[in-house]
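Read through the structure below, which is laid out as structure tokens, and then see the notes.
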Amino acid sequence: MAIIIEKHRGINVVRDDLLLGGTKSVLMPTIVSDNYNEYVYASPVYGGFQIALSAYCQHMNKKATIFCAKRKVKHANTLQCEKYGATIVEIPYGYLSVVEKHARNYCLNKPDIKKIIFGANTLDNKLIIAERTRNVIKTLGKEPDEIWCAIGSGTLISGILMGVSNAVKVVGVQVGGSYTIENGYNNVEVIKYDKPFSAVSKMKTDFPSMPNYDLKAFELCVKNTTNKDKNILFWNVL
């Protein structure tokens, strides 16, 4: 899929928000196959994977079923999934662990349904992200000094680490649950955002960026990259 990099505030921004469903859309051709008729995913309402899955399933004439927390007013991402034909199952008091349990129970004894793990966090999918990272670097022309991204499930940052040399510092902003740095990487730093996932960043940008997710990471990237001589890359997922 196309790679577009733009300069914003002196930082190179990977504009994966221009992809339908963001970065995770690049995983869909390997996730959705003829082996299943329905794909089930338990999602925070702020996530982009649910959108990518819903849109791709519609394209492939498959059923997408998204489990998420029930809200008084549906989140814009939930409405996007509905727009692309997904069935939405809202769970009251839906902590992600509870939503996951309901999704697993829904799939029991149904061999034609595939339950996708949170963030599609598998080695195969990390390798796909790693290859996209190498293509991003080719588009940029050289490896940057630093790559910044938000951390949700950890699939993206793990794939980025697999796709760069040890000379590149990878900085992840933890906006959701905890993330443990994988063994063997000493070029990664994790910064925890000081507000919960449900909080939104109030930073203003001239490109779309999910305020519960990527925008928080871009906010800290801008604050912490004052050295104008550094080549900084920010990965905007959604």
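The values are calculated or read from the model by the stated rules, or taken from the named source; none is laboratory data. These numbers were taken from a predicted model, which means no experiment stands behind them. Ideal geometry is used to build each Cβ from the backbone, glycine not excepted, and the neighbour counts take in all protein chains shown. Remember, those area values only see protein heavy atoms, side chains included, never the ligands or the DNA or RNA. Shrake-Rupley method; radii C 1.70, N 1.55, O 1.52, S 1.80 Å.
Once the Cβ-Cβ distance of Lys142 and Lys195 is raised to the sixth power relative to R0 = 35 Å, the FRET efficiency obtained is 0.50.
Ignoring aspartates and glutamates fewer than eight residues from Lys114 along the same chain, the ones with Cα atoms less than 14 angstrom from its Cα are Asp34, Glu38, Glu100.
Counting helices only, and only those DSSP H runs with n ≥ 4, report the 222 nm mean residue ellipticity of the chain as the sum of -39,500 (n - 2.57) divided by its residues, in deg cm²/dmol to the nearest 500. Computed ellipticity for the chain at 222 nm equals -9000 deg cm²/dmol. Of all aspartates and glutamates in the structure, the ones whose alpha carbon falls short of 17 Å from that of Lys24, not counting any fewer than 8 places away in one chain, are Asp16, Asp124, Glu131, Asp214.
The dipole here belongs to region 40-138: it is taken about the Cα centre, uses +1 on the Cβ of Lys and Arg and -1 on the Cβ of Asp and Glu, and is about 80 debye. Counting only DSSP beta bridges with both residues in the chain, the antiparallel share comes to about 10 percent.
To put it simply, the accessible area of region 85-136 at a 1.4 Å probe is 59 percent carbon and sulfur.
Note on the chain: GNM, Cα springs under 10 Å; of Ala130, Ala199, Ala120, the largest mean-square fluctuation is that of Ala199. Accessible area per residue for the chain, computed on protein heavy atoms with a 1.4 Å probe, is 48 Å². Only Cα pairs under 8 Å and 6+ residues apart enter the sum, and on that basis the relative contact order of the chain stands at 22 percent.
Each residue of region 195-205 was assigned a 3J(HN,Hα) from its phi angle through the Karplus curve 6.51 cos²θ - 1.76 cosθ + 1.60 (θ = phi - 60°); the sequence is 10, x, 4, 5, 6, 10, 6, 9, 5, 9, 10 Hz, with glycine and proline shown as x. Near Ala64, the amide H atoms lying under 5 Å from its own belong to Tyr39, Thr87; only residues 5 or more places off or on other chains count, and H is placed 1.01 Å from N. Scalar couplings 3J(HN,Hα) for region 226-234, obtained by applying the Karplus form with A = 6.51, B = -1.76, C = 1.60 to θ = phi - 60°, are 7, 6, 6, 7, 7, 8, 10, 10, 10 Hz; x denotes Gly and Pro. Working from Cα pairs under 8 Å separated by at least six residues, relative contact order for region 33-81 is 46 percent. Under conditions of 10 °C and 1.306 mPa s, region 123-238 yields 110 µm² s⁻¹ as its translational diffusion coefficient, taking Rh as the Kirkwood radius over Cα pairs in the Stokes-Einstein equation. For region 191-238, the Cα-based Rg and Dmax, in that order, read 11.1, 35 Å. Applied to region 26-42, the Karplus parametrisation 6.51 cos²θ - 1.76 cosθ + 1.60 on θ = phi - 60° returns per-residue 3J(HN,Hα) values of 5, 8, 4, x, 8, 8, 8, 9, 7, 6, 9, 9, 9, 10, 10, 9, 9 Hz, with x for Gly and Pro. Under a 5 Å amide H cut-off, with hydrogens placed 1.01 Å from N, His8 pairs with Val13 among residues at least 5 apart or on other chains.
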